[in-house]
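Note sheet for the following structure.
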Amino acid sequence: MRAVPAHWFDGLAISLSAICVVHCLALPVIIALLPALSQWLQLPEAIHAWLLGCAIPISITVLGRSAHRHRAARGTLLLGIVGLSLMGGALMAPTEVLETVISVGGAVLLASAHVHNWRRRARCARPSI
């Protein structure tokens, strides 16, 4: 059985971060504009914890491996940890607005870390001429 390439996990993590941003920003607007839709989409509050539960192992594994192999990637790992920490802290925010702002900020930082990791990996893989 072939191992899954590491860049695939960066892509997955970037996609999950994008889904988080869409969820945090677009879904409340859609629900506010379409009250009938809010009857259908009764998402449990635990969905935020579930998404974070997916993001942590993927991000720590991919960014951690890169940091272990390349000293220069340690800053990227730190950026990812800050993003994950913000996303985790958002779970305890006292208001929905603050929760949204913190979650989006964390998701953007985490996605940025994965994009940086992906680009660094692509640069390292290019043959030198």
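Values as computed for the structure displayed
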{"quantity": "Lone qualifier among 92, 87 - being modelled with pLDDT of 90 or more and surrounded by fewer than 10 Cβ atoms within 10 Å (Cβ to Cβ)", "calculated": "92"}
{"quantity": "Among residues of the range 46-96, those that are of a type in the set (Val, Ile, Thr), without any contact (Cβ under 8 Å) to a residue 40 or more places away in the chain and within 27 Å of residue 122 (Cα to Cα), counted", "calculated": "4"}
{"quantity": "Residue count for the range 92-119, restricted to those that are out of contact with any helix residue (DSSP H, G or I) (no Cβ under 6 Å at 6 or more places or on another chain) and either small (Gly, Ala, Ser) or part of a loop (DSSP other than H, G, I, E, B) (or both)", "calculated": "4"}
{"quantity": "Residue 26 vs. criteria at pLDDT below 80, small (Gly, Ala, Ser), over 30 Å from residue 95 (Cβ atoms) and within 19 Å of the chain's Cα centre (by Cα)", "calculated": "no"}
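The values are calculated or read from the model by the stated rules, or taken from the named source; none is laboratory data. Bear in mind that the values here come from a model prediction, so they are computed numbers and not experimental data. Every residue, glycine among them, receives a Cβ derived from its backbone with ideal geometry; neighbour counts consider all protein chains shown.
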